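Please read the structure below before turning to the comments.
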Protein chains: 2
Amino acid sequence: MKTLTSRQQEVRDFIQATQAEQGVSPTLREIARHFGFRSMKAAVDHVRALRGKGVVVWQPRRARSLRLVALGRRRTTVEVPVYGAIPAGFPDGRQQENQECLAVDMAGLGLRPTARTFALQVRGDSMIGKHILPGDYVILEHGKTVRPGDVVAALIDNESTLKTFLLDKGKPCLRAENPRYPQLIPARELVIQGVMVALVRKCQ
Amino acid sequence: MKTLTSRQQEVRDFIQATQAEQGVSPTLREIARHFGFRSMKAAVDHVRALRGKGVVVWQPRRARSLRLVALGRRRTTVEVPVYGAIPAGFPDGRQQENQECLAVDMAGLGLRPTARTFALQVRGDSMIGKHILPGDYVILEHGKTVRPGDVVAALIDNESTLKTFLLDKGKPCLRAENPRYPQLIPARELVIQGVMVALVRKCQ
DNA sequence: AATAATACTATTCAAATGAATAGTATCACC
DNA sequence: GGTGATACTATTCATTTGAATAGTATTATT
């Protein structure tokens, strides 16, 4: 990324500000008007320069298609549905507008944006030994291959519970990470709903 | 939010898909073409219905200004700069495109998007007692009022260190949350760079 | 001193796009 | 049996918008 001139930086900032305030990118004419250019060509030149420097991309002949590439990268953020508890099966993706969601940057977390990613809010301190606290949001992926030591959400008594997946003498089993509950549950006949890939904690 | 008809849901999904794939919202004509409508009016009607049901907003006479309100809410995501360590003072916000960033959903975390929000990647296990592990990203806010018990980033020996802020006999001091390092440092003359507001942990 | 990049004015054209009007057909609902 | 919502066809108009051409002045850079 080459350095920008101060004017080019101003244009870049205006594009960013417009996107933030208006929700859409500015048109060339709007850029020209904002800076008081009496000719659109000035705006065209600046945008062309920004494109040449790899700062923005746009699609020819499409209105308001300017995008900042730095921001483009961050737009790997995905809304992850937050479930209190997952009943059997997965709710289908329809009509979930009202659902609580958590925005997670997939690239930043080294995740592929999968439709099978979801979040659970932790209840209870059964995973305190893995430094997972009540209230934490655990982000899980459904269908990922489970390896021993992974934290998984399993369906026990029709409720999702977090456990560590282990191999005990070759047999898969689940363990709660709290010495007060030293349960060791055989993993057979249990539904593994997801493997933990990340965690988000709010403070206060 | 009223329920959508199946056709309206399809239109909503198309808008969402176009935004994801093309980076811009579709025009009314593009909606019509996608569904094979021979008249634009059909697309206009559907978008008007979606607007009436609060699913979508758009700005009159502005091309490609359609926005899904559910997604509009998630766009409170903010790129938070990740510092390994913060030297004295704050780097100014310019020309930081190459910087490592973490996308965080401010609304979902109950935060106001402040320019003074940043992240630190934790090194060492000095905060293990607060269930903060090495490798975790701690999100902090600069200038927030510190309360006893808060985790703060403080500048010690020209390097940012996480400590718990406490009052010891009325005197402010900092404590490492690891029994192996039972340091208690008077907080006077120390620069508190930020107060922890959230934590993000990647697994594996 | 020559050259290229930057930063603009001024004007025109054509395509893209939103908006409007006048209808038709279907279906649920009261 | 009427009413309203839904889901469209067909056509036209006015704006918005990107793109192009022909220049000028200033500021680096070589």
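The values are calculated or read from the model by the stated rules, or taken from the named source; none is laboratory data. None of the values given here were measured: they were computed from a predicted structure. So basically every Cβ, Gly included, is an ideal-geometry build from the backbone, and we count neighbours across all protein chains shown. Surface accessibility is based on the protein's heavy atoms, side chains included, excluding ligands, DNA and RNA. Shrake-Rupley method; radii C 1.70, N 1.55, O 1.52, S 1.80 Å.
Can you give me the number of residues within region A:121-140 that are of a type outside the set (Ser, Thr, Tyr), open to solvent by 10 Å² or more (accessible area, probe 1.4 Å) and either away from chain B (no Cβ under 11 Å) or touching a residue at least 12 places away in the same chain (Cβ under 8 Å) (or both)? Spell out the reasoning first.
Quick first cut of region A:121-140, residues of a type outside the set (Ser, Thr, Tyr) only: A:121-125, A:127-136, A:138-140.
Applying the additional criterion that residues be open to solvent by 10 Å² or more (accessible area, probe 1.4 Å) yields A:121-125, A:128-131, A:133-135.
Okay, now just the ones that are also either away from chain B (no Cβ under 11 Å) or touching a residue at least 12 places away in the same chain (Cβ under 8 Å) (or both), so A:121-125, A:128-130, A:133-135.
Here the count works out to 11.
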For this session: Give region B:52-65 a look and list any residue that's open to solvent by less than 50 Å² (accessible area, probe 1.4 Å) and near DNA strand C (Cβ under 7 Å from one of its atoms), or say none.
Result: B:63, B:64, B:65
Exercise. Hey, any hits in region A:24-32 for a residue that's in contact with a strand residue (DSSP E or B) (Cβ under 9 Å, 6 or more places away or on another chain) and near DNA strand C (Cβ under 8 Å from one of its atoms)?
Worked result: no
Seminar exercise, completed: For region B:1-44, the count of residues that are surrounded by 12 or more Cβ atoms within 10 Å (Cβ to Cβ), within 10 Å of chain A (Cβ to nearest Cβ) and of a type in the set (A, V, I, L, M, F, W, C) equals 3
Problem set entry | Those residues of region B:33-51 which are away from DNA strand C (no atom under 12 Å from the Cβ) and more than 13 Å from residue B:12 (Cα to Cα), in sequence order | B:36
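Conditions tested, residue by residue: (1) at pLDDT 60 or above; (2) charged (D, E, K, R).
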position	(1), (2)
A:45	yes, yes
A:48	yes, yes
A:57	yes, no
A:65	yes, no
A:72	no, no
A:79	no, yes
A:95	no, no
